[in-house]
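Structure, as structure tokens:
We did not get these values from a lab; they are worked out from the coordinates using the rules stated. Keep in mind it's a predicted model, so treat the numbers as computed, not measured. Here the Cβ positions follow ideal geometry from the backbone for every residue, glycine too, while neighbour counts run over all protein chains shown.
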Amino acid sequence: MQERYAPTEVETAAQRHWEATNAYLAIEHATLPDGTEKPKFYACSMLPYPSGKLHMGHVRNYTINDAMYRQLRMKGYNVLMPMGWDAFGMPAENAAMKSRVPPAQWTYDNIAYMKKQMKAMGLGIDWSREMAACDPKYYKWNQWLFLKMLEKGIAYRKTQTVNWDPVDQTVLANEQVIDGRGWRSGALVEKREIPGYYLRITDYAEELLSQVRDNLTGWPERVRLMQEHWIGKSEGTRFAFTHDIRDESGQLIQDGRLYVFTTRADTIMGVTFCAVAPEHPLATHAARNNPELQAFIEACRQGGVTEAEMATREKEGLPTGLTVNHPLTGQPIDVWVGNYVLMSYGDGAVMGVPAHDERDFLFAKKYNLPIAQVVAAEGKDYSTDAWQEWYGDKNVIRTINSGKYNGLDYVHAVDAVAADLSAKGLGEKRTTFRLRDWGVSRQRYWGTPIPIIHCETCGTVPVPEKDLPVILPEHLIPDGSGNPLAKCEEFLNVDCPTCGKPARRETDTMDTFVDSSWYFMRYTSPGNDSAMVDERNDYWMPMDQYIGGIEHAVLHLLYARFWTKVMRDLGLVKFDEPFVKLLTQGMVLNHIYSRKGATGGIEYFWPEEVENVYDAKGAIVGATLKKDGSAVEYGGVGTMSKSKNNGVDPQSLIDTQGADTARLFVMFASPPEQTLEWSGAGVDGSHRFLKRLWSFCHANAGRVAAAQAAGAISDWSPADNAVKSLRRDVHALLKQADYDYQRIQYNTVVSAGMKLLNTLDDAKVDGKYGDAALAEGLQILLSVLYPIVPHLTWHAWRDLGFADTRGDLLDAAWPQVDEAALVTDEVELMLQVNGKLRGSLSVPSAADKAAIEALAVTHEAVTRFLEGRAPKRVIVVPGKLVNVVG
């Protein structure tokens, strides 16, 4: 074993060995040496987007997964850790427009570089299962399942109001609209009516919700709550306001009924207006000869259609001049157009009860609309001066000013109103969900082509299964003027598979959430070109542990759950939920430094470019540039970002201090679920620890060799107390590390490893038993740290000769706690005199109360503090303390 720790040499040797031995190849139904089948464990990190380089968030995520993989493999599990690439999407198109290279070339180049970085990290990935979303062999099955869903009616085509990014020329999902602007382009989002394909995820809403509550017990509670909120089950009443409003042809608009849904039917007698979405047929009708209303509706087209957008947008409206009839009183109710009403939610209309809904209250105050109180709470006075929370609290109210419904509580009032509406044929109780069907059409190039052909004679025709995949041409370069597929004749032109006439392919591609909804199952069935998944998927799935960022807690996980249930219903899988356990790792943070430039723009500086300025308490209050001493503003810590110059290049760290240093730091600095604040000093400290570990192994190689030559110790009873004490401490720390591995607290695993090294370094043991205890302790230390820092530990394990007797560290059996070593011959008790701590008392572990009392009263501290007086009594708390009272 060489004296100096050289990370590059150590890590290169380890990685070459793993690659030469195909160490990470996973096979189904692997067996133990005795022939019994190993229990399987599938641990998977969310696949990365191939942006070009790994960032420290990747390093943390994948090291968590890798540590889990390695430790479970040592414990006898058949473990799978695969990797792939979420390779479709807008970033590749944007990069292509800048660099004038096809997105495919940019993507494949990035994949190659990032894969090289992952290998440099020493990750135990089975690369034989690698997939990329842009590979036709993968996205063929996106297309195939889409066609199956089309056959079953789960997929369908419709026109709907969507978020349209006028710069990126594409539809945006709700979560891609931030403050009314596209998340990538920054352009003001517009509302547009666009035809596209949708998946009936709402058909699964009840199951998706119930299984969040009942089945996903291995998920973080906050993620479960986020899923519940997104699905959003509501019990309420859907009913109609009648009207006689007719279109140009004299036909009643929407059959003379304006439907709304409410969870507060008890307040129906307090309706003073109705508001409809700007796209509602009544709004369109009213705007025909009303330029002001036309302009308002056009203005409403600017901005997104998300609920978050609506919640923060100032509530504005205009009257239509139309009225509808109250379903119970027959009184005319004015109809307004409201910018806060979404056509895509419910029926695109709401009833306005300003006395008991805060949004309606503010709207009514703004436009001087009537406010009619119809519920009251005991001991509470109602006023229209300002909103009070009790106005809308259904749990404390009784109905008033509501005719036959007066005096009813919420439940009985809702029941009575719903019964009367039903009797009139105008409404009924109904359960609704906030969840909406999943729009999967995207007006962009770099994605899975939707397998549809448009024929003037036959209409929309599915691509025959034998013609899949529909190959996406990879040579196109977007220029920002829309989808380049619409100009690619070789892609567009095709014969109709039904009538044979010239036709055109669909140019929309699929939402990239489609790609990530089942990739983890494709890992289990690599190389199968004739089926989406096969019996190998039945072996590995459902996944035992999924690892990824909290930013994917809603849509990715929800869509993956839905996709799994569709596959189940089509007979492709045999389980309901894809992920048994979920870990959402925290972000990696770093300090942010900036200042405004002369033109008003913000200039960011790298942390290594500045010197911090501290206050009297040691808190950072500012900074100065090292090069000229000029002042810089300190912005606290935030997520690492290239744009803010506060990222850390993992490759640079690997090249200078080694992958094990990077791995050790990100595991030690914080528990996996919590954010991690980057610290250069912490990285240096991690590297120093590894050098110290290497030096200790080198310094004790001779003693380890002597111990191995002497043979294993089966009976430790003749060993002296120092050896027994060392073994007791070592096995106690092993027990703690074992427990921490089980609960995925790798920061305390590292802490246990550090304590183990200190314990071994401080031990004063010698002779046969001393050498054996030291060797045993080193085996345990290297085993405990191996999942975190696999390169150094693998190398040291081999060089110390442990591989000769215990095999390669990757598959060496996880060390077992020797419970006998934890049993001590003596117990140390706190010694008190008259209730005050005066020292400690060592007693035989088998000593009874009388023996402990006899030892205590003769102790030097008792004699000294009682000043010769005889003890009056002795109080013994077994295993803890003894108190001598005098």
Quiz item: How much length is gained on full extension from residue 316 to residue 157, taking 0.36 nm per residue of separation minus their Cα-Cα distance?
Solution: 54.0 nm
Exercise. Identify the GluC sites (Glu not before Pro) of region 354-453 meeting these criteria: DSSP loop state and at most 10 other C-beta atoms within 10 Å of the C-beta.
Key: 378
Practice problem: Quickly estimate the mean residue ellipticity at 222 nm for the chain, helices only: each DSSP H run with n ≥ 4 gives -39500 (n - 2.57), and the total goes over all residues, rounded to 500. | Solution: -11000 deg cm²/dmol
Self-check item: Directionally averaged projected area (convex hull, Cα atoms, region 102-162), nm²
Solution: 7.2 nm²
Quiz item: Against the longest alpha carbon principal axis of the chain, how many degrees, from 0 to 90 and to the nearest 10, is the axis of helix 790-799 turned?
Solution: 30 degrees
Quiz item: What shape does region 181-306 have by the C-alpha gyration tensor, where a ≥ b ≥ c are the square roots of the eigenvalues, rounded means a/c under 1.5, and otherwise prolate means a/b greater than b/c and oblate the rest?
Solution: oblate
Quiz item: To the nearest 10 degrees, how steep is helix 659-668 against the longest Cα principal axis of the chain, on a 0 to 90 scale?
Solution: 80 degrees
Self-check item: Reference-scaled alpha-carbon Rg (2.2 N^0.38 Å with N residues) for region 123-241
Solution: 1.40
Quiz item: If you line up the Cα atoms of the chain on their principal axes, what length do they span on each, largest first, in Å?
Solution: 107, 78, 68
Quiz item: For the chain, with the dipole built from +1 on Lys and Arg beta-carbon atoms and -1 on Asp and Glu ones, taken about the Cα centre, which of 56, 734, 249 lies farthest toward the positive end?
Solution: 734
Quiz item: Label points 7 Å out from Cα along the Cβ direction at residue 203 and residue 538: separation in nm?
Solution: 2.5 nm
Quiz prompt | Residues with amide H under 5 Å from that of residue 460, placed H, sequence gap 5 or more | solution = 455
Quiz item: Using a simple charge model, +1 on the beta-carbon of Lys and Arg, -1 on the beta-carbon of Asp and Glu, nothing else, what dipole does the chain show about its Cα centre, in debye to the nearest 20?
Solution: 840 debye
Quiz item: Against the longest principal axis of the chain, how steep is helix 221-231, in degrees 0 to 90 to the nearest 10, with axes from Cα atoms?
Solution: 10 degrees
Exercise. Mind putting a number on the dipole of region 60-177 about its Cα centre? Charges go on the C-beta only, +1 for Lys and Arg and -1 for Asp and Glu, and I need it in Debye to the nearest 20.
Key: 420 debye
Quiz prompt | Unsatisfied cross-links (Cα-Cα over 19 Å) in the set 40/574; 233/429; 581/735; 836/880 | solution = 581/735
Quiz item: Roughly how many nanometres apart are two label points built 7 Å out from the Cα toward the Cβ at residue 292 and residue 639?
Solution: 4.4 nm
Quiz item: Does region 155-198 classify as rounded, prolate or oblate by the C-alpha gyration tensor (a ≥ b ≥ c root eigenvalues; a/c under 1.5 gives rounded; else a/b over b/c gives prolate, otherwise oblate)?
Solution: prolate
Exercise. Could you check the simple spin-label distance between residue 602 and residue 251, using points 7 Å along Cα→Cβ, in nm with one decimal?
Key: 5.3 nm
Practice problem: Kindly provide log₁₀ I(q)/I(0) values, in the same order as q = 0.09, 0.14, 0.15, 0.17 Å⁻¹, from the Debye equation applied to equal alpha-carbon scatterers of region 233-433. | Solution: -0.33, -0.82, -0.94, -1.21
Quiz prompt | Cα gyration tensor, region 54-172 - rounded (a/c under 1.5), prolate or oblate | solution = oblate
Self-check item: residue 233 long-range amide H proximity, modeled H, under 5 Å
Solution: 434
Quiz prompt | Net length gained if the chain between residue 215 and residue 75 were fully extended (0.36 nm per residue, minus Cα distance) | solution = 47.7 nm
Quiz prompt | region 793-849, relative contact order in percent, only Cα pairs under 8 angstrom and at least six apart counted | solution = 22 percent
Practice problem: Please report, in debye to the nearest 20, how large the charge dipole of region 154-219 is about its Cα centre when each Lys and Arg carries +1 at its beta carbon and each Asp and Glu carries -1 there. | Solution: 200 debye
Practice problem: Grab the beta carbon distance between residue 456 and residue 813, set R0 = 60 Å, and tell me the FRET efficiency rounded to 0.05. | Solution: 0.30
